[in-house]
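Some notes on the structure that comes next.
Rule-based calculations on the coordinates, nothing more; no lab input. Since the model is a prediction, treat every value here as computed from it, not as a measurement. Every residue, glycine among them, receives a Cβ derived from its backbone with ideal geometry; neighbour counts consider all protein chains shown.
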Amino acid sequence: MNTRKTVLVALMACLALGIYALESIVPPIVPIPGVKLGLANVVTLVAIYVLGCRAAFATLLIRIVLSSLLFGQAMSFLFSLAGGVLCWVAMRFASRFFGTSGVWIVSVFGALFHSAGQILVAIAVTSQLAVAYYFLFLIISSIISGIFTGICASYCIKLIQKRFL
């Protein structure tokens, strides 16, 4: 990675961390545990389309590590890491098929896989397969939040491409 891209990754990671911090202090919209918009994912999506998949992965990892150190616990790190990595993998492959016109679809795939990663960690931690039933509730919230964050990311990508690229 060259110096310019390294600086952009650092800036994107800081932006994602700031969004995550703001979202964590806002009361939840829905009173279901684990359900939130995941606005920091907008930055990851933008990074995939603007900086590339490797830079987006670096941005994601930096945000997860720093947010866990600053705001979380060891368990939140595991949940965030599993969800984030699966989300990134899904978005990386989906972005190849849907391009910039389907950013919201890519985001929905990412949100679904993020929830799946968190459910897998919950099953591993609790040794209870019954936790998987909670995924049914998360599917609905993942689709809604994925569409919202995808639309936000799409506007950001268009703005960046229009003004800076």
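With angles folded into 0 to 90 degrees, how steeply does helix 3-25 sit against the dominant principal axis of the chain? Use alpha carbons for both and round to 10.
Roughly 40 degrees between the two axes.
Applying the Karplus parametrisation 6.51 cos²θ - 1.76 cosθ + 1.60 with θ = phi - 60° to the phi angles of segment 138-145, what ³J(HN,Hα) value in whole Hz is obtained for each residue in order, glycine and proline being reported as x?
For segment 138-145, the Karplus-derived couplings read 6, 4, 4, 5, 5, 5, 5, 5 Hz, x marking Gly and Pro.
Would you calculate, for the chain, the mean residue ellipticity at 222 nm contributed by helices, counting each DSSP H stretch of 4 or more residues as -39,500 (n - 2.57) and dividing by all residues, to the nearest 500?
On the way: 6 runs with 131 residues, N = 165.
Per the formula, -27500 deg cm²/dmol.
If the only charges are +1 at each Lys and Arg Cβ and -1 at each Asp and Glu Cβ, what is the size of the charge dipole of the chain around the Cα centre, to the nearest 20 debye?
Details: 10 positive and 1 negative charges, 125 e Å.
Taking the Cα centre of the chain as origin, the dipole is about 600 debye.
What is the angle, in °, between the Cα long axis of helix 53-71 and the longest principal axis of the Cα atoms in the chain? Nearest 10 is fine, range 0 to 90.
50
I'd like the orientation of helix 40-50 relative to the chain: the angle between its Cα long axis and the longest Cα principal axis, in ° from 0 to 90, rounded to 10.
40
Gaussian network model of the chain, Cα springs within a sub-10 Å range: biggest mean-square fluctuation belongs to which of 129, 15, 37?
Most flexible of the set in this elastic network: 129.
Gaussian network model of the chain, Cα springs within a sub-10 Å range: biggest mean-square fluctuation belongs to which of 65, 50, 26?
Residue with maximal mean-square fluctuation among 65, 50, 26: 26.
Could you grab the relative contact order for the chain? Cα pairs under 8 Å, six or more apart, rounded to a whole percent. If you can, show how the numbers build up before the last one.
Working: 200 pairs, mean separation 39.6, N = 165.
Over the chain, the number comes to 24 percent.
Which one, 44, 100, 65, is farthest towards the positive end of the dipole of segment 3-163 when Lys and Arg carry +1 and Asp and Glu -1 on their Cβ?
The residue sitting farthest along the positive end of the dipole is 100.
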